[in-house]
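What follows is one structure encoded as structure tokens, with my remarks underneath.
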Amino acid sequence: MTHFSALRSLKSLLAASVAAGLMFTAVGASAQNTPGVLRVSAIPDEAPTELQRKFKPLGEYLAKVTGLKVEFTPVTDYAASVEGLINHKLDMVWFGGFTFVQANDRSKGQVIPLVQRVEDEKFRSVFITASPTIKTLNDLKGKTLSFGSESSTSGHLMPRSYLLAAKIDPDTDLKRVAFSGTHDATVAAVAGGKVDAGALNISVWEKLVESNKVDTKVVHVFYTTPGFYDYNWSVSTSMPAALQKKITDAFLALDPAKPADKEILDLQRATRFIPTKASNYTAIEAAAKNAKLLK
């Protein structure tokens, strides 16, 4: 068989497979793609083992609904989740609001947010401390503070924007600013006395409190931000519309009255999922530009 004939045969086989709905391969995807696999990831705002645990029932549910094998692939940092989706090495990613804005900006509008939790319409961050002398944001002047990841919406961007709104520049008014990498690591840094205060996702804080992984007699919240749009499940515009709809409908169909669905929702810390759109994140984009975190 000539090289041309072999290439033509391969193209025919791929076309037939796609037409039959046997595989999903994003436009421009790398040769590493596996037929019939939906590759999913999430920003690493918690420990990898915790992200895997939270996703397992959801992954099984999506596999049943889509007929695809769903693989969760942890990434090393926030930037890797962005690059993975826009370079078609991932098919769907759980982004924070800022990470979505970065991905949408980097891809020139080639990223679509499908759904978000009801809670993400008015998400909040908390500032925590173990110091009895820190009672307001103004008390942070001259102190040390830990954010989460530099690309975190609720662990950096929005807390920074509310500090700036309170006339506090973290880079000049604070003694030192650190980045822990994850929300739970921020709590550990405050509890361990490595920093005077920390800012993190309210959902992770509440989870740590509920599971008795933080002593609220030692570490406490001294400021809670106003609400803002945050997390969403995003895909590339190259994903077939039919698959986008199937995934969206699957999330919207999750019913807390059904035990199996409630397990998924509880692990996602969601009351239910609702549709979302890129325009919901214009305020996040503006905050990022104002904080000089996005050009």
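The values are calculated or read from the model by the stated rules, or taken from the named source; none is laboratory data. What you are looking at is a predicted structure, and each value in this text was computed from that prediction instead of being measured. All Cβ positions, glycine included, derive from the backbone under ideal geometry; neighbour counts span all protein chains shown.
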key: Matching residues in the range 120-135 - criterion: being under 17 Å from Gly227 (Cα atoms) and either modelled with pLDDT under 95 or surrounded by fewer than 17 Cβ atoms within 10 Å (Cβ to Cβ) (or both)   = Glu121, Lys122
task = Quickly run through the range 140-176 and pick out the residues that are farther than 27 Å from Ala283 by Cβ and without any contact (Cβ under 8 Å) to a residue 40 or more places away in the chain.
result = Gly142, Lys175, Arg176
note = Note on the range 91-135: residues free of Cβ contacts under 8 Å to residues at least 12 places away in the same chain and among the basic types (Lys, Arg) are Lys108
message = So, in the range 42-71, how many residues would count as being part of a helix (DSSP H, G or I) and either surrounded by fewer than 18 Cβ atoms within 10 Å (Cβ to Cβ) or in contact with a strand residue (DSSP E or B) (Cβ under 7 Å, 6 or more places away or on another chain) (or both)?
response = 16
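Here is a yes/no grid of residues against (1) modelled with pLDDT under 95; (2) out of contact with any Pro (no Cβ under 9 Å at 6 or more places or on another chain):
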position: Val40; (1), (2): no, yes
position: Asp45; (1), (2): yes, yes
position: Glu60; (1), (2): no, yes
position: Tyr78; (1), (2): yes, no
position: Ser81; (1), (2): no, no
position: Met92; (1), (2): no, yes
position: Phe100; (1), (2): no, no
position: Ala103; (1), (2): no, yes
inquiry  = Of everything in the range 271-295, what is out of contact with any Leu (no Cβ under 8 Å at 6 or more places or on another chain) and not hydroxyl-bearing (Ser, Thr, Tyr)? Give them in sequence order.
reply    = Lys277, Ala278, Asn280, Ala283, Ala286, Lys289, Lys292, Leu294, Lys295
inquiry  = Quick test for you: out of Thr216, Thr172, pick the one residue that is over 18 Å from Asp45 (Cα atoms) and in contact with a helix residue (DSSP H, G or I) (Cβ under 8 Å, 6 or more places away or on another chain).
reply    = Thr216
request  = Filter the range 74-89 down to residues that are outside any helix (DSSP H, G or I) and within 23 Å of Asp120 (Cα to Cα), then give me how many there are.
outcome  = 3
task = With respect to Asp184, determine if the residue is among the acidic types (Asp, Glu), within 23 Å of the chain's Cα centre (by Cα) and in a loop (DSSP other than H, G, I, E, B).
result = no
task = Please note which strands (runs of 3 or more DSSP E) are completely contained in the range 215-291 and include at least 1 residues that are more than 30 Å from Thr66 (Cα to Cα), of a type in the set (S, T, N, Q) and touching a residue at least 12 places away in the same chain (Cβ under 8 Å).
result = 220-224
request  = Report, by residue number, each residue of the range 207-232 that is within 30 Å of Ile112 (Cβ to Cβ) and either surrounded by 21 or more Cβ atoms within 10 Å (Cβ to Cβ) or not basic (Lys, Arg) (or both).
outcome  = Thr225, Pro226, Gly227, Phe228, Tyr229, Asp230, Tyr231, Asn232
task = Check Thr76 against each of (1) crowded, with 16+ Cβ neighbours inside 10 Å; (2) among the β-branched types (Val, Ile, Thr); (3) within 14 Å of the chain's Cα centre (by Cα) and name the one condition it does not meet.
result = (1)
task = Could you tell me whether Gly96 is within 20 Å of Glu285 (Cα to Cα) and surrounded by 22 or more Cβ atoms within 10 Å (Cβ to Cβ)?
result = yes
query = Restricting attention to the range 142-181, which residues are in a loop (DSSP other than H, G, I, E, B) and under 21 Å from Pro226 (Cα atoms)?
reply = Gly148, Ser149, Glu150, Ser151, Ser152, Ala166, Lys167, Ile168, Asp169
